[in-house]
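Engineer: To start, I am sharing the structure in question, which I have written as C-alpha cells.
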Amino acid sequence: MTGYRKPPAMPWPRRLPVPDLFDRILLLKESPVFCKVPTEDLRHVAQALEEQQYLTDDRVFEINAQGDHLYLLVTGRVGISLDADGGSRNFIATLGPGDCFGEMNLLDDQPRSATAHVIEDCTVLALDKARLRGLILSYPELSIGMLRSLSLRLREANARRAGEEAAACRV
C-alpha cells in the first residue's frame, strides 16, 4: 500500500527544512534525469516540485500500478525491487539523496516497472506528470535536456551489461 503522508509538524531538529529554490535547482542539476537540462529551465521544474514524506517500510509506489509522479530523493533511502511480492527486500538498486526514481512512467505511460520501498524515513520532491508535460510544452529545451540525460543513462547501462557479458565469457 502506498504510504504517502502529508509532512507532519515535527519539532526541530527531526524535521529538516524543505530545500529552497536554489537547493532544489542544485538537486535537479545533480540528478541523472535532469543533469543535462539548462539551469534556467530547471528553475521552472524546481518551482513545480511538491514535498512528500514517507516512513520506513512504506512503499512510494507498487510494480504494475499506474503512476503519475517522478520523485527526487532529498533525505533517506529507497530500495527498488522487481518482485511482484510487495514484501520483497531483493533490491536491484538502493537510492539515496539526490537520486531520481519513477521517471519512466512519466515518459512512456506504461505501468510501474518496479516497487519503491522506503528503507529509511525519507523526504522526496515529487513532480506530477501533467505539470511536467506543461513545462515541456512551455520550455522545449527541458525535454531535449531530459532526453540527453536519459540517453546517457542508457549508454551507461549498455556498457555495464557489455562488461558483465564479457566477464562471463572469460570465466
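Engineer: Would you mind classifying the stretch 66-126 by shape? Square roots of the alpha carbon gyration tensor eigenvalues, ordered a ≥ b ≥ c; an a/c under 1.5 is rounded, otherwise it is prolate if a/b is larger than b/c and oblate if not.
Structural biologist: Taking the square roots of the gyration eigenvalues as a ≥ b ≥ c, the stretch 66-126 is oblate.
Engineer: Which residue, chosen from PRO32, ALA166, LEU147, occupies the Cα position most advanced towards the positive end of the dipole of the chain, where the dipole is computed from +1 (Lys, Arg) and -1 (Asp, Glu) charges on Cβ about the Cα centre?
Structural biologist: ALA166
Engineer: Follow-up question, since we're still on this one. Taking the Cα centre of the stretch 108-171 as origin, sum charge times position over the Cβ atoms of Lys and Arg (+1) and Asp and Glu (-1), and report the length of that vector in debye to the nearest 20.
Structural biologist: Details: 10 positive and 9 negative charges, 48 e Å.
The calculation lands at about 220 debye.
Engineer: Please report the net charge: other residues with Cβ closer than 9 Å to the Cβ of TYR139, K and R +1, D and E -1.
Structural biologist: In short, -3.
Engineer: Quick check for you: with a 1.4 Å probe and neighbouring chains kept, what is the accessible area per residue of the stretch 81-171, in Å²?
Structural biologist: 59 Å²
Engineer: State whether the stretch 47-87 is rounded, prolate or oblate according to the following rule on the C-alpha gyration tensor (a ≥ b ≥ c being the square roots of its eigenvalues): a/c under 1.5 gives rounded; otherwise a/b larger than b/c gives prolate, and the remaining case gives oblate. Display every interim value, and only then the final one.
Structural biologist: Values: a/c = 2.46, a/b = 1.43, b/c = 1.71.
Verdict is oblate for the stretch 47-87.
Engineer: From the C-alpha coordinates alone, can you work out the Kirkwood hydrodynamic radius of the chain, in Å? Before the final figure, lay out the partial values.
Structural biologist: Values: mean 1/r = 0.0590 Å⁻¹.
Result for the chain, one decimal place: 16.9 Å.
Engineer: About the Cα centre, and with charges only on the beta carbon of Lys, Arg (+1) and Asp, Glu (-1), how big is the dipole of the chain? Nearest 20 debye, please.
Structural biologist: 220 debye
Engineer: Also, quick follow-up: What nm value, rounded to one decimal, do you get for the distance between PHE22 and ALA93 when each label is placed 7 Å out toward the C-beta?
Structural biologist: Result for the modelled spin labels: 3.0 nm.
The values are calculated or read from the model by the stated rules, or taken from the named source; none is laboratory data. Computed from a prediction, not measured in an experiment: that's the story for all the values here. So basically every Cβ, Gly included, is an ideal-geometry build from the backbone, and we count neighbours across all protein chains shown. The protein model used for the area step is the full one, side chains on, heavy atoms only, and it has no ligands, DNA or RNA in it. Shrake-Rupley method; radii C 1.70, N 1.55, O 1.52, S 1.80 Å.
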